[in-house]
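Visitor: Dumping the structure here so I can ask a few things about it.
All of the numbers you see were taken from the coordinates with simple rules; none came from a lab. Keep in mind that this is a model prediction, so the values were computed, not measured. No Cβ is skipped: glycine too gets one built from the backbone with ideal geometry, and neighbour counts run over all protein chains shown.
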Amino acid sequence: MPSRARAEGADAGPAPAPERGGDRISPLTGGRVPGHVAIIMDGNGRWATERGLPRTAGHHAGAENIRRLVERFAEHGVRYVTLFAFSTENWNRPHSEVSVIFRLVERFLQRELEHLRRNNVRLRHFGRLERLPTNLRRRVEEAIALTRDNDRLMLNVCFSYGGRDEIVTAMRRIAEAGIAPDAIDEATVSAHLFTGGLPDPDLVIRTAGEQRISNFLLWQSAYAELYFTSACWPDFGREDIDLALVEYGRRKRKFGALPPEDLDAFGSD
């Protein structure tokens, strides 16, 4: 395990013990649903432009959608939801747009914290927390501390996050821990990521029609199912979630091997 606190993957208290990921049964439908869903929330600006609105209006609408999303996934029994909210590359956007996003995050935390506590949702942050404005960083740390004992659903927000940066940071942590090269395996790397202790995502959703993962959970998504939708993030609602989960339930996950029913085709010696 990591030898020092995760400054970049900020959390109040220890990381949760490693938990087996994988499928769950939805109490709503009785169908198979993922235990961990990760989402690239894309299309806020496009949504606003199509309506003749400033891009900032799209970010406002996107922030309003988060509560609905979390509630619906919780109703289906999903245990982990990870949102890609702001990438390391997003720092290159105009300062005015970045400032609006920061204000929205702070407002979200102010408005939603009690709702998260009341609904037993734990909040975590993955990314470069030290780059955020001081007031916002304190808000994030406060929300993490106040929800740390909640266990119905874990909401992970990747903010000022990049997948390659996460892997580089993990390599540095391993080196600082003095772990011998021949002792490093996949479990070692996983434990030193920002997400150390969490199961890998079973399903990665991207909204707004783009079909790429854009530096998001590169290590963790190695065997995740990918689902792309043309709906922009502000329009991605409860029915869209249901459709994504139905599609996931249809897929046969092999993880590079063959399921027993397919092995029968080879016969026996």
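Visitor: So which helices of the chain fit the span-like rule, where a helix is a whole DSSP H run, its Cα atoms reach 30 Å or more along the axis, and its mean Kyte-Doolittle is at least -1.0?
Guide: 55-75, 95-118
Visitor: Among rounded, prolate and oblate, which fits the stretch 73-179 when a ≥ b ≥ c are the square roots of the eigenvalues of its C-alpha gyration tensor, a/c under 1.5 means rounded, and a/b larger than b/c means prolate? Display every interim value, and only then the final one.
Guide: On the way: a/c = 1.82, a/b = 1.17, b/c = 1.55.
Oblate is the answer for the stretch 73-179, as a/c is 1.5 or above yet b/c matches or exceeds a/b.
Visitor: From the backbone phi of the stretch 29-44, what are the Karplus-calculated ³J(HN,Hα) couplings (6.51 cos²θ - 1.76 cosθ + 1.60, θ = phi - 60°) in whole Hz, Gly and Pro given as x?
Guide: Working through the residues one at a time gives 10, x, x, 7, 10, x, x, 9, 10, 10, 9, 8, 7, 10, x, 4 Hz.
Visitor: Using Cα pairs under 8 angstrom and six or more residues apart, how large is the relative contact order of the stretch 98-171, in percent?
Guide: 39 percent.
Visitor: Distance from the Cα centre of the stretch 210-249 to that of the stretch 94-165, in angstrom?
Guide: Here the answer is 21 Å between Cα centres.
Visitor: Okay, moving on. For the stretch 23-248, give the magnitude of the charge dipole about the Cα centre (Cβ charges: +1 Lys/Arg, -1 Asp/Glu; no others), in debye to the nearest 20.
Guide: 800 debye
Visitor: Over the stretch 23-248, what is the relative contact order in percent, taking alpha-carbon pairs closer than 8 angstrom and at least six residues apart?
Guide: Details: 377 pairs, mean separation 64.3, N = 226.
Value for the stretch 23-248: 28 percent.
Visitor: Amide H of T82: which non-local residues (sequence gap of 5 or more, or other chain) have their own amide H closer than 5 Å, using H built in the peptide plane?
Guide: V37, A38, I39, N156
Visitor: Go through the stretch 204-220 residue by residue and turn each phi into a ³J(HN,Hα) via Karplus (6.51, -1.76, 1.60, θ = phi - 60°); whole Hz please, and just put x for glycine and proline.
Guide: 10, 10, 10, 8, 6, x, 6, 10, 7, 9, 6, 6, 10, 6, 4, 6, 5
Visitor: Okay, moving on. Among L69, L53, what is the fewest-to-most ranking by other Cβ atoms within 10 Å?
Guide: L53, L69
Visitor: Taking 7 Å along the Cα-to-C-beta vector as the label spot, tell me the D149-I184 distance in nanometres, rounded to one decimal.
Guide: The modelled label-to-label distance comes out at 3.9 nm.
Visitor: Ok, one more. For the stretch 105-155, state which trypsin sites (Lys or Arg not before Pro) are in a DSSP loop and have at most 16 other beta carbons lying within 10 Å of their beta carbon.
Guide: In loop regions of the stretch 105-155 (DSSP not H, G, I, E or B), the sparsely surrounded trypsin sites (Lys or Arg not before Pro) are R148, R152.
Visitor: Using only the Cα atoms of the stretch 23-248, build the gyration tensor, take square roots of its eigenvalues as a ≥ b ≥ c, and label the shape rounded, prolate or oblate: rounded if a/c is under 1.5, else prolate if a/b is larger than b/c, else oblate. Could the numbers behind the result be given before it?
Guide: Working: a/c = 1.41, a/b = 1.16, b/c = 1.22.
Rounded, because the longest to shortest axis ratio a/c is under 1.5.
Visitor: Out of all DSSP beta bridges with both ends in the chain, state the antiparallel percent to the nearest 5.
Guide: Counting DSSP beta bridges with both partners in the chain, the antiparallel share is about 10 percent.
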